[in-house]
Amino acid sequence: MSQITPQPGIMDIALYEGGASKVEGVANVVKLSSNENPLGPSPKAIAAAQAAMARMNRYPSSDHAELRAAIAEVHGLDASRIICGAGSDEVLCFLCQGFAGPGDEVVYTEHGFGMYRIYALGSGATPVVAPERDRVVDVDAILAACTEKTRLVFIANPANPTGTMVDRADLVRLAEGIPGRAILVLDGAYAEFADGYDGGAALVEARDNVVMTRTFSKLYGLGGLRIGWGYGPKPVIDVLNRLRGPFNLSDVQLRAAEAAVRDRDYATSCQKENARLRNWLAAELGKLGVPSDQSYANFILARFADSDEVDACDAFLKSQGLIVRKVAGYGLSDCLRITVGDEDSCRRVVDAIRAFKEQSE
Ligand code: PMP
């Protein structure tokens, strides 16, 4: 009998599902389940990636200096305190590896992003879940869940899959209230969709216990390339850099991301289009008796009567070529998360849900 055993809790992790982009026997399928940018990346990012392909015999930059400089310039940050990863996922993973081990606790919230638990378990730490209040992160509940063993507190702002946000005053309260050895991680995967929000950058600047993570997968339309970054106090970023593989990003990734972040006109047009269609989609679904909380991201969390209606609606949408996301795994079995697609996709979603509601009357 083998004595090989994984870390505690690993075998309770469900394998990731959700990448489907086809429905058997249905044409004209649109995937609205992964919060991707329906408009695609900036043409400048595509050109930069193509040019980098010609140099693939060469190892890429190991310090990501040019990408970090571009991010720093655009966001007004200190380039030496930026770390780039293969998706923001990798930065979240480095945070767990670097700061939480056996006996330590990692706090996140009831409907929090699934990778927080997985990375906590992967580094041998104990996940601790704080309740939310009506699908909104509850700062007091997080503070109550913290102990002297807490090393990391993860919140996504805006949150996935709820799309809700906590305001700056609450973020400050959280940063001030967590135990001395804990780091507050503000996951800003959707920060660019929240008008006027800096992703927590000002709070990172003001404190020595806050890290922000960001991604090129959402607004910048580069989910397929896997690029993210983090910004934090120098001593924290120094730890993460020691864990980082020297060539964790290819030149294709680096060049595409640099061109994408510098193309402000394209990014702004994607932000505007998302806000317009998100608000329209939420309003139209509301009229059909499918409410949602105000979303600050590029998806909406549509609420139904119960999980039976969710299952039936999900199946109906699939039959119409619309793939959305069930979020029962996040404790939201009466909801479907729907990415804001392009105008045609949004209209198709509204028409399909109207037809679904009519046929079930
Ligand atoms: N955080 C949140 C809240 C997310 O929803 C996602 C992607 N679904 C990520 C982080 C990771 O994104 P990526 O690794 O593509 O940067």
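Miscellaneous remarks
- Apportionment of accessible area to carbon and sulfur, the chain, percent (1.4 Å): 52 percent
- Take each peptide in 133-142, 86-95, 21-30, count the other Cβ atoms within 10 Å of every residue, and average; sorted highest first, the result is 86-95, 133-142, 21-30.
- Between the C-alpha center of the range 16-68 and that of the range 91-111 there is a gap of 28 Å.
- Radius ratio Rg over Rh of the range 244-361, counting only Cα atoms, Kirkwood formula for Rh: 1.10
- The mean sequence distance of close C-alpha pairs (under 8 Å, at least 6 residues apart), as a share of the length of the chain, puts its relative contact order at 24 percent.
- Expressed to the nearest 5 percent, the antiparallel share of DSSP beta bridges inside the chain is 45 percent.
- Surface exposure of the chain, expressed per residue as accessible area with a 1.4 Å probe, stands at 44 Å².
- Projected label points at Leu288 and Leu243, each 7 Å from Cα along the beta carbon direction, are separated by 4.2 nanometres.
- Annotated for the range 222-361: lysine pairs at least 8 residues apart or interchain, Cα distance under 20 Å, count 4.
- Exposure ranking of Ser250, Ser42 by accessible area [1.4 Å probe, largest first]: Ser250, Ser42
- A 1.4 Å probe, protein heavy atoms only, puts the accessible area of Thr126 near 70 Å².
- Counting charges near Gly112 (Lys, Arg +1; Asp, Glu -1) among other residues having Cβ under 13 Å from its Cβ returns a value of -2.
- Residues in the range 32-38 carry Karplus couplings, in order, of 10, 10, 10, 6, 8, 6, x Hz; the curve used is 6.51 cos²θ - 1.76 cosθ + 1.60 with θ = phi - 60°, and Gly or Pro positions show x.
- Its residue count N fixes a reference of 2.2 N^0.38 Å for the range 301-347, and the Cα radius of gyration divided by that reference is 1.11.
- Whole-number Å³ per residue for the convex hull built on Cα positions in the chain: 163 Å³
The values are calculated or read from the model by the stated rules, or taken from the named source; none is laboratory data. Small disclaimer: the values here were computed from a predicted structure and weren't measured. All Cβ positions, glycine included, derive from the backbone under ideal geometry; neighbour counts span all protein chains shown. Side chains included, ligands, DNA and RNA excluded: accessible areas come from the protein's heavy atoms. Shrake-Rupley method; radii C 1.70, N 1.55, O 1.52, S 1.80 Å.
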